Amino acid sequence: ELGELWTKGFSGVVALVGLGGAGKTALAARFLDRLPAGDSAAERGGLFVWSFYREPDAGQFLRGALQYFSLPSQATSAARGMGVVHLLAEALGDGRRHLLVLDGLERVQLSGERNPAEFGHLEDPLLKGLLTRGAAGMGQTLIIVTSRFPLTDLERTDASADRKSVV
């Protein structure tokens, strides 16, 4: 299904949600391995893969993605906070095909241990802002997320935007 979504030009957020060890990361890696050489995001716009298992700092992810997708400028190097999200969303909405793979998102989601109503919510409001924009459609960008927790922050966005949801 990931290959079909990519081939058909789907833009939005696709969440692979399951128990630890169920193969979410392996499935995403297999999809990336099977991207045809002439159809890769790297040749069209960009392919950016981030593991929250290796680096759980959402701010570092946002700055790294901004550096990757944007042309170097004074604005991008000086951007902070919501400015980073805005510039990154602008870069991803440039009309080219982009692919982001965010592995292990549960590292930056709330477990619901203190408050069950918060289960699956993103801890970082800037990352939440980017994924919310991505779910609503950000140019030709496909974001694939792997997580042990559902993306509860995006459930309302998905329904209100009437976008296809794949879990």
Which members of region 47-81 meet the condition of being modelled with pLDDT of 70 or more, out of contact with any Leu (no Cβ under 8 Å at 6 or more places or on another chain) and farther than 14 Å from residue 92 by Cβ?
51, 53, 54, 55, 56, 57, 60, 63, 80
Residues that are buried (at least 20 other Cβ atoms within 10 Å of the Cβ) and modelled with pLDDT under 90: does region 116-128 have at least one?
no
Of everything in region 120-142, what is in a helix (DSSP H, G or I) and in contact with a Leu (Cβ under 7 Å, 6 or more places away or on another chain)? Give them in sequence order.
126, 127, 128, 130, 131, 132, 135
So residue 103, is it of a type outside the set (A, V, I, L, M, F, W, C) and at pLDDT 95 or above:
yes
Output for region 1-26, where each listed residue is open to solvent by 50 Å² or more (accessible area, probe 1.4 Å) and part of a loop (DSSP other than H, G, I, E, B)
1, 8, 19, 21, 22
Per the filter on region 143-167, residues in contact with a Ser or Thr (Cβ under 7 Å, 6 or more places away or on another chain) and either modelled with pLDDT of 95 or more or assigned to a loop (DSSP other than H, G, I, E, B) (or both) are 146
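The values are calculated or read from the model by the stated rules, or taken from the named source; none is laboratory data. Small disclaimer: the values here were computed from a predicted structure and weren't measured. No Cβ is skipped: glycine too gets one built from the backbone with ideal geometry, and neighbour counts run over all protein chains shown. SASA here: full protein model, heavy atoms, side chains in, ligands and nucleic acids out. Shrake-Rupley method; radii C 1.70, N 1.55, O 1.52, S 1.80 Å.
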